[in-house]
1. Per residue and in cubic angstrom, what volume does the convex hull of the Cα atoms of the stretch A:82-160 have?
2. Could you compute how much accessible surface A:Glu105 exposes when probed at 1.4 Å, giving the result in Å² to the nearest 10?
3. So what's the Cα pair-distance distribution over the stretch A:83-227, bin width 10 Å, in %?
4. Given a cut-off of under 8 Å on Cα pairs at least six residues apart, what relative contact order in percent is computed for the stretch A:585-665?
5. Give the average over all directions of the projected area of the C-alpha convex hull of the stretch A:611-691, one decimal, in nm².
6. Starting from the Cα of A:Ser631, step 7 Å along the direction of its Cβ; do the same at A:Asn393; then give the gap between the two resulting points in nm.
7. What percentages make up the Cα-Cα pair-distance distribution of the stretch A:433-487 when the bins are 10 Å wide from 0?
8. Under a crude label model (7 Å from the Cα following the beta-carbon direction), how far is A:Ala529 from A:Val852 in nanometres?
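The values are calculated or read from the model by the stated rules, or taken from the named source; none is laboratory data. If you're wondering where the values come from, they're calculated on a predicted model, not measured in any experiment. Virtual Cβ from ideal backbone geometry, glycine too; neighbours counted across all protein chains shown. The accessibility values were calculated without ligands, DNA or RNA, using every heavy atom of the protein model including side chains. Shrake-Rupley method; radii C 1.70, N 1.55, O 1.52, S 1.80 Å.
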Amino acid sequence: MGRYNPKEVEPRWRKVWDEADLYATREDGDREKYYVLEMFPYPSGKIHIGHVRNYAMGDLIARFKRAQGFNVLHPMGWDAFGMPAENAAMQTGGHPKDWTYANIEVMRDQLKQMGLSIDWSREFATCDPEYYAHQQKLFLDFWAAGLVERRESYVNWDPVDMTVLANEQVIDGKGWRSGAPVERRKLSQWFLKITDKADDLLDALDDGRLDGWPENVRTMQRNWIGRSRGLKMRFAYTACETAPDGTTGLEIYTTRPDTLYGASFCAVAPDHPLALAFAKGDKAVEAFIADCQRAGTSEEAIEKAEKKGHPLPLSVDHPFIDGKKLPVFVANFILMGYGTGAIFGCPAHDQRDLDFARKYGLEVTPVVLPADADPATFTVGDEAYTDDGSIFNSDFLDGMNVPDAIDASINRIEEMEQGEATTQYRLRDWGVSRQRYWGCPIPAIHCDTCGVVPVPAEDLPVRLPDVAAEEFNTPGNPLDRAEDWKNVTCPKCGRPATRETDTFDTFMDSSWYFARFAAAREDVPVDKARADYWLPVDQYIGGVEHAILHLLYARFFTRAMKDTGHLSVDEPFANLFTQGMVTHETYLDPDETKKLKDRWILPDDVIRKDDTIVWEKTGEPVIVGAIEKMSKSKKNVVSPEAIAETYGADAARWFMLSDSPPERDVEWTEGGIVGAWKLMNRIWETVEAGEGLLAQNDLGVVPAELDDPSMALRRATHSAIDGVTDDIENFRFNKAIARIYEFVNALRKAEGAHDWVRAEALGSLTQLIAPFTPHLAEECWACLGREPFVCDVPWPSADPGLLVDDTVTLAVQVNGKRRGEISVPTDASKADAEKLALADPDVMRHTEGKTVRKVIVVPGKIVNIVVG
RNA sequence: GCGGACGUGGUGGAAUUGGUAGACACAACAGACUUAAAAUCUGUCGAUCGUAAGAUCGUGCCGGUUCAAGUCCGGCCGUCCGCACCA
């Protein structure tokens, strides 16, 4: 007897599991497969509580499915390339590689301490040449398949990190990592043609292929891809054949060709070729463009920015109205990156166009009439009319609704050979070049004679050269200066050439790792047969912060890998679950003379005294700040190591899964972890009281004639099995935990129950907690004298006969208000229930002297008596 | 502005297709045990009135449907998330 001692118990069981090699997985045709994967961690140094929550969920699912008889794959790896390693190298004078692998060593140990059922034989880091060699091969295959493009383009340049960012990595005009305002630069860049797959990426969101994904993630991806159907058309220049940029007409894009009759001007983006061409000979145009480019791109700047334009010295002909000319402006609100960078303006039905037209005195002709408006008097004031209606003032379109008019105008423009229907995307191709050392080298060679040449497959991998530590303290990319590595001969012509010195965006590394786990040691990127067995991932679990970037890239990669014969699936993740963050209170030093960033105090350094929280150092109260996501900057972090040391890994896992629904944020509190710890002890104590009770896995037949307390415990056992199973299957871990609490409470009150029933209850309890708290469960299982291992025992099933009682309590309402309750046999007829309800004294007090007009009986639930 | 999620005790949160609102836990309070504390155990715990039995009110606000609404419908208010001068 004695308290449960996780410090001794947990390592002991992990050793036993290790020696039995329990969690190594092989392909096995007899059992159905189940692939559960949590987003792999970046080896930043130590695991944090967020990891604990993420991996506790994944391990819960893995163990649950394993007990249900599935052949479970549950692997782990490291997303190991990336800038923090270079920053650390800069600060410590070391090498990114040493820093990264040292962190992996530490974090692997920490993860192992959590008692996860992971197949460590499949572990890899993305910075292993054995991994990135295959990534280079995939890239070469994509290149050959036409999915890669090298082009000169404006890029988002992060001046702090000195690298290019993908559009997805620019948030509010700032770098996603550095927070520095992003600059525009023109560079030659590698692109993956994700827009080639835009339609399928979008369609799969709605055609059932991603039914296992949360709606919010699908919506985010839908918005991000941003498909719109419209018309690309040319407006002929009035009285001139060609413009200074060499074009013979202005090509615009519109989704509202139905409003063509309301057009009153055209406008182009400040960096549109036409505008730039005019700027060369026109100081005013040049000045206007420069002015536009100076304006910020932040959200605020855009919102406040006034619609501004500058006329260009030419006009265009209206396609439908003979003799009507439209002026052409350069305007600050047109984006070069969307459509053709040019529009026609219809002020009556677009707010931006209206603002612009009012400012420059352009005509406003309404052409869409609201349903109840009078065509003779309808005008547009300061608000554009953007809803549906019937077309008027528009010749052949008059009387149509908006969708019909859109079709009709497109047809007419196509007949006139002035344009065609097209689809536009907000999504742009994925720029994958990064001017960094610590990434996967791009396998390409630049030759003056042959141009850009792929590295031959047999020369892979292109390994990162070892460079001296001081290289990381020099601005720019160390690969640019690694002369021995950089200078090669051209594989085509044999003349001197140079390697590509950019490396891949690290999001590429995480875009296919799930497929590599199927056969992590094979000498091909993906072993097709084994990948066909394991993929898709049946359950993927991670943070919602990856809803767009990582998940979209992985979906694209999977399609590209299918095109190039590496995979057979086109969606990588059949079911996705996005878990909430772990938050914590923040504490502030009240001394306001200090800078804010120096005032945050660690939770470990404060003490709760009655109602106030004081700083250990001074004994003075601290300011209790908001409950926020744990972050190093606000110091509101707790160390999983310290928690495990004090309470054990099981208690930490349990707490992270209790209370809050898994998709919601959970607040880390001292009270919460203590509560979990108390339960560990309570379970242990309860099981220990039944030590060796019927020490066998198979209890045999149920004894006949059990007394009432025994029957009650059996019912509690089976309803716990039923409820917990259902809750786990539906990701309601907090409810599953609540049911286990109820079951434990029932079990502790049932000491007089029959031994057989107690043995059944204790065994079931142990099995039910096993996916949550594997060490404790194994210890309990051994204590009961059952055969190891509980994690390999089939999941218990509930006897449906024990889920219903033979009597049931019905609430009785009078006029919808609860006035009493009656106990009736479960199979009682409606008439019997009605009779009993009407005879109940509590009910009769409210029906006395009144006429019963109606009685509604819902079997098993409620009786409602309507009186008047 | 567009799209999505949500709003329940002091707190985290339960409530399957409309059918006993507040499961389970945290905090708080009272009691038992103890020299004492911790731990553990028992009890109370939405609000108001009442010694009690009980009554009335109560799921962001207003209205509606229904025998019955946290749940459905209409209209507001508020919070969070994503996108955003996307033509």
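1. 169
2. 100
3. All Cα pairs considered, the percentages come to 9, 20, 33, 31, 7, 0.
4. Across the stretch A:585-665, relative contact order equals 29 percent.
5. 7.7
6. About 5.0 nm separates the two model spin labels.
7. So the P(r) values, bin by bin, are 21, 52, 24, 3.
8. Using points 7 Å along Cα→Cβ, the separation is 7.4 nm.
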